[in-house]
Amino acid sequence: MKVTVLQESLAHGLAVVSRAVSPRSTLPVLSNVLVATDEGRLRLSATNLELGITCWIGAKIEVEGSTTVPARTFVDLVSTLPAEQVNLNLNLQTQTLNVRAGSSNTDIKCIDAAEFPPLPVPEMDGAILLNVADFKDMIAQVAMAASVDEARPVLMGVLVTVDKDAITMAAADGFRLSVRKGTLSQPAAQPVSVIIPARALSELARVATDGNEMISMVMPKGRGQVIFRMKEVEVVSQLIDGTFPDYQQIIPRSYKSRTILSTPALLKACKQAEIFAREGSNVARLDIKSSGDLEPGAVEISAQSEETGSNETIVAATIEGIGLLIAFNVKYLREVLEVVKTPNVALETSAQNAPGVIRPVGDDDFLHVIMPMHLG
């Protein structure tokens, strides 16, 4: 293999794929990045067997070939090279990659590409097409609610269902639930219901940079995988086996109090409360004061810590229904408010011990359910 590539392109490609490198694998080749020529471009791939990321970059190819390069060494080296052309030259016999740029000359010991796990070559017929910008928004609004507890693998994933031109994503960790609906630009050939690891979707959102681009999503038959392909990047993930809980049961059907607040004002109040709540168990109290004849409605958000003190912020609100004192995990409140796109947000509550529902005002495609915390 003999290839010339721009340092900037190589650094970008390595940054894209290196997050899929397995840092503590028993297989040494999984700590490496596959570097291979591919139809006039250079293909970089990394995998930890659950998640695989491939990135294609422009290159001048003199001799075809492939090898796998220790990821950390390669990433660190390329980041220090001058912003000019980098020459990569592989000695097949010794599996040594010579890297030259400017006055820098480096030899890196590699592992034969034949030892790298084969990545699927998908049939793109019948792919579901998703707009990058919309899909990134959907991921941001849902993936945060997935569990990080490996005891319940199903909850570490996002349920993605597609029926004709409707797509729905849902995630829940036992304390909160996020549901986001969207519309596809063209109907899917057949219905889909799969559980995709939240981490894989977050990585996809990170590497999908061009908002005008389309993502093709395919699930090869019988492989238990989902493949997302863009112009220059491909993400492959194992699907999660199991049955996702019936989340519709969790969403309250009615409320006794609907409180409309400014999203930025409530977010700011939650951030202040979190400074004190994080010392304990993240509890923030919301005192919803129903508007009387004379005074407008308001919500007092408060948190306290035995060590650091206490904080109260009053946010003006329009309140339909009863007043109520309820406590939530303020970190969860902040995280959902950070992904609400509308100027105002509605909080629907029924009782101290009943879940609250957050909905962006004027956007029916997103809702978030948060379980209340015990008022101490």
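A few points about this structure:
- The one condition in (1) assigned to a loop (DSSP other than H, G, I, E, B); (2) touching a residue at least 12 places away in the same chain (Cβ under 8 Å) that residue 118 fails to fulfil: (2)
- For segment 172-201, a residue qualifies if it is among the small types (Gly, Ala, Ser) and not in a strand (DSSP E or B), and the qualifying residues are 174, 185, 188, 189, 198, 200.
- Test: residue in segment 86-101 that is within 27 Å of the chain's Cα centre (by Cα) and either exposed (fewer than 15 other Cβ atoms within 10 Å of the Cβ) or not assigned by TED's automatic domain parsing to the domain that holds residue 18 (or both): no
- Residue list for segment 121-133, filter: surrounded by fewer than 18 Cβ atoms within 10 Å (Cβ to Cβ) and either assigned to a helix (DSSP H, G or I) or acidic (Asp, Glu) (or both): 123, 125, 133
- Residue within segment 235-246 that is of a type in the set (D, E, K, R), in contact with a strand residue (DSSP E or B) (Cβ under 8 Å, 6 or more places away or on another chain) and under 25 Å from residue 183 (Cβ atoms) present: no
- For segment 26-41, the set of residues classified as in a strand (DSSP E or B) and touching a residue at least 40 places away in the same chain (Cβ under 8 Å) consists of 32, 33, 34, 35, 36, listed by residue number.
- Qualifying residue in segment 115-135 (condition: closer than 19 Å to residue 367 by Cβ and among the hydrophobic types (A, V, I, L, M, F, W, C)): yes
- Selection within segment 42-62 - modelled with pLDDT of 95 or more and surrounded by fewer than 17 Cβ atoms within 10 Å (Cβ to Cβ): 58, 60, 62
- Cβ pairs under 6 Å, 6+ apart, first in segment 47-67 and free of Cβ contacts under 8 Å to residues at least 40 places away in the same chain, second surrounded by fewer than 21 Cβ atoms within 10 Å (Cβ to Cβ): 48/22
- Residue in segment 244-253 that is surrounded by 14 or more Cβ atoms within 10 Å (Cβ to Cβ), closer than 30 Å to residue 321 by Cα and modelled with pLDDT under 95 present: yes
- Listed by first and then second residue, the pairs linking a residue in segment 144-171 that is in a strand (DSSP E or B) to a residue that is among the basic types (Lys, Arg), with Cβ atoms under 6 Å apart and 6 or more places separating them unless they lie on different chains, are 168/181; 169/180.
- Answer residue from segment 22-41, given it is closer than 18 Å to residue 238 by Cα and surrounded by fewer than 21 Cβ atoms within 10 Å (Cβ to Cβ) and is modelled with the highest pLDDT among those: 22
- Unique match (being over 28 Å from residue 371 (Cβ atoms) and of a type in the set (Gly, Ala, Ser)) among 172, 140, 189, 166: 189
- Subset of segment 316-374 (residues that are in a strand (DSSP E or B) and aromatic (Phe, Trp, Tyr)): 328, 366
The values are calculated or read from the model by the stated rules, or taken from the named source; none is laboratory data. Computed from a prediction, not measured in an experiment: that's the story for all the values here. With ideal geometry, Cβ positions are generated from the backbone for all residues, glycine too; neighbour counts draw on all protein chains shown.
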